[in-house]
Structure formats: C-alpha cells, structure tokens
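The values are calculated or read from the model by the stated rules, or taken from the named source; none is laboratory data. Here the structure is a predicted model, which means the values were calculated and not measured. Neighbour counts are summed over all protein chains in view; Cβ atoms, including those assigned to glycine, are modelled from backbone coordinates with ideal geometry.
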Amino acid sequence: MKRVLTFTLISVVILAISNLSIGCKPELEPSQYNDSVLYYYTILDRQVAKLYQSIYDTNVTAQQLKDEYDLTIKMYNDNLSKIKKIKPLKNDKWFHKSVLDFYAAVKNSLDNEFKEIIGYYSVKWDETYGPKVDKLSEKMLQDITKKEENVIESQKKFAEAYNITLR
C-alpha cells in the first residue's frame with residue numbers, strides 16, 4: 001500500500017512538473033527578441049509618419065485624414081497589447097521599455113496634437129489655422145522624434161549587451 005501511494009505521488013509530481021514546463025513560454029533568442037520588439041516599433045512608426053505626411057498633403061480630404069487617424073489609433077491599440085505580451089529578456093533594461101515609451105508618446109500626440117489638427121481640417125478652413133497646425137505638428141514631431149532616437153540608442157545598447165550585429 002505504501003509503495004502504491006509513493007508511486008502515485010511521484011507520478012502526480014512528474015505530471016505537474018511536465019505540465020508546468022509545457023505551459024511556460026521559452027525565452028526568445030536575443031535576435032528573435034530584437035526582431036519582434038523592432039517589428040512593433042516599426043509598424044507604428046511608419047503609420048505615424050504616413051499620418052503626419054497626410055497633414056500637409058493638399059490632395060487629402062478631411063475625411064481621408066480622419067480615416068488615417070482612426071487607422072493609426074487602431075494600429076496603436078492592436079499592437080500595444082501584442083508588444084506588452086513580449087517578455088523582456090533578463091538583461092534588456094532599455095530596448096523594450098523604450099518602445100513602450102515611444103508608444104506612450106504616440107498615444108499622447110494622437111490624443112492631443114493630432115486630434116486638434118484634425119479638428120481644424122474638419123471645419124471651414126480659416127487662414128489662422130495654418131500657423132496653429134504648424135505649431136502643433138512641430139510639437140508632436142519633437143516629442144515623437146525624441147522617443148524614436150531613444151529606441152535607436154536603446155536597441156544599440158541591447159545589441160551590445162547580447163553581442164548582436166545590427167543591420
């Protein structure tokens with residue numbers, strides 16, 4: 001009887017350990033991690049650039065600008081949850097965080113400067129709007145560019161820490 005209980009206990013422990021190891025996601029290799037984090041940075045960065053360019057495109061209608069803005073918000077929301085699911089590597093104290101900081105700067109600009117700019121384009125244009133749009137877009141550009149530069153520097157630190165050659 002004692003032998004059966006011991007065997008059963010050992011079997012339960014082995015089963016529990018195997019289930020835990022199957023349920024744990026393996027840590028990404030540093031190069032895969034770099035590519036994954038960089039992907040979510042790049043996809044939003046390109047969309048923000050497209051939205052920014054639309055502001056000064058004389059062929060873009062107010063509705064097209066609003067659609068581009070809505071697409072940027074959707075991309076932000078969809079991809080933020082995905083990048084948050086990427087577990088930072090043990091020695092990455094910079095890269096993942098810098099991309100999240102970039103996302104926060106984009107969100108702030110979408111909620112403030114971009115929203116106000118779209119408001120100007122959504123009503124009958126007044127000549128006084130031009131300088132206001134320029135000022136708002138300059139502020140947004142400075143805020144986001146600062147975070148972009150931080151991502152680039154953080155990626156370099158990450159690559160150095162993990163001995164990865166960046167292309």
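Things to note:
- Elements of type helices (runs of 4 or more DSSP H) contained in region 55-167, each with 1 or more residues being closer than 22 Å to Asp35 by Cα: 62-85, 95-109, 129-161
- Number of residues in region 84-99 that are buried (at least 19 other Cβ atoms within 10 Å of the Cβ) and either under 23 Å from Ala49 (Cα atoms) or among the polar types (S, T, N, Q) (or both) equals 4.
- Residue match in region 138-151 (condition: farther than 19 Å from Ile43 by Cβ and without any contact (Cβ under 8 Å) to a residue 24 or more places away in the chain): yes
- Of the criteria (1) out of contact with any helix residue (DSSP H, G or I) (no Cβ under 6 Å at 6 or more places or on another chain); (2) surrounded by 18 or more Cβ atoms within 10 Å (Cβ to Cβ), which one Tyr69 fails: (1)
- Every residue from region 119-155 that is of a type in the set (Lys, Arg) and modelled with pLDDT of 95 or more: Lys132, Lys135, Lys139, Lys146, Lys147
- Residues that are surrounded by 18 or more Cβ atoms within 10 Å (Cβ to Cβ) and within 28 Å of Ile86 (Cα to Cα), drawn from region 101-142: Phe102, Tyr103, Ala105, Val106, Ser109, Leu110, Met140
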